[in-house]
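A short write-up of the structure that comes next.
Just so it is clear, none of the values below were taken in a lab; they were calculated from the coordinates. Computed from a predicted model, the values in this text were never measured in an experiment. Cβ atoms come from the backbone with ideal geometry, glycine included; neighbour counts cover every protein chain shown.
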Amino acid sequence: STPIAFDRIDVHTKNSDSIKLDIDVVWDGDCDIRLRANVIGAFGVRSIKLKGRLSVLMAPLIDKLPLVSAVQVAFINPPRVDLDFTGAASIADLSIIDDTIRNTI
């Protein structure tokens with residue numbers, strides 16, 4: 001597992017009462033998600049990879065702690081998400097099925 005990495009941070013201050021950060025985010029995380037179904041057997045997810053450009057808007061700025069009234073966080077475009085399936089779900093690693101899952105997520 002790799003810790004989440006933040007890179008290429010751009011800071012925007014269009015007006016005096018907000019700060020906007022645009023950040024590249026990359027995460028390669030190990031996980032152990034396992035499910036069992038009577039009909040198809042065991043299946044799960046072994047790892048999750050995420051890559052995208054995140055936007056963080058902090059506004060309005062105020063004169064007392066925590067210095068920000070609200071924070072909005074969203075990806076600028078849909079992030080790239082890769083899932084490594086295990087067991088019966090490993091069929092989802094096939095290209096056509098993987099594309100369908102990716103479009104659904």
**Using a Förster distance of 35 Å, the FRET efficiency for L35-L57 (Cβ separation, nearest 0.05)** = 0.40
**Prompt:** More than 21 Å apart: what percent of Cα pairs in region 1-79 qualify?
**Reply:** 51
**3J(HN,Hα) from dihedral phi, region 71-81, Karplus parametrisation 6.51/-1.76/1.60, rounded to Hz, x for glycine, proline** = 10, 10, 10, 7, 7, 5, 10, x, x, 7, 10
**Complete:** Applied in sequence order to region 48-54, the curve 6.51 cos²θ - 1.76 cosθ + 1.60 (Karplus, θ = phi - 60°) yields integer Hz couplings, x standing for Gly and Pro, of 10, 10, 9, 8, x, 10, 9
**Prompt:** In sequence order, what are the phi-derived ³J(HN,Hα) couplings for region 28-36 according to the Karplus relation 6.51 cos²θ - 1.76 cosθ + 1.60 with θ = phi - 60°, rounded to whole Hz, with x for glycine and proline?
**Reply:** 10, x, 7, 8, 9, 9, 10, 10, 10
**Item:** Cut-off 9 Å between beta-carbons: net charge of the residues surrounding I9, Lys and Arg +1, Asp and Glu -1
**Value:** -3
**Distance in nm between pseudo-label sites at V68 and L21 (7 Å out along the Cβ direction from Cα)** = 0.6
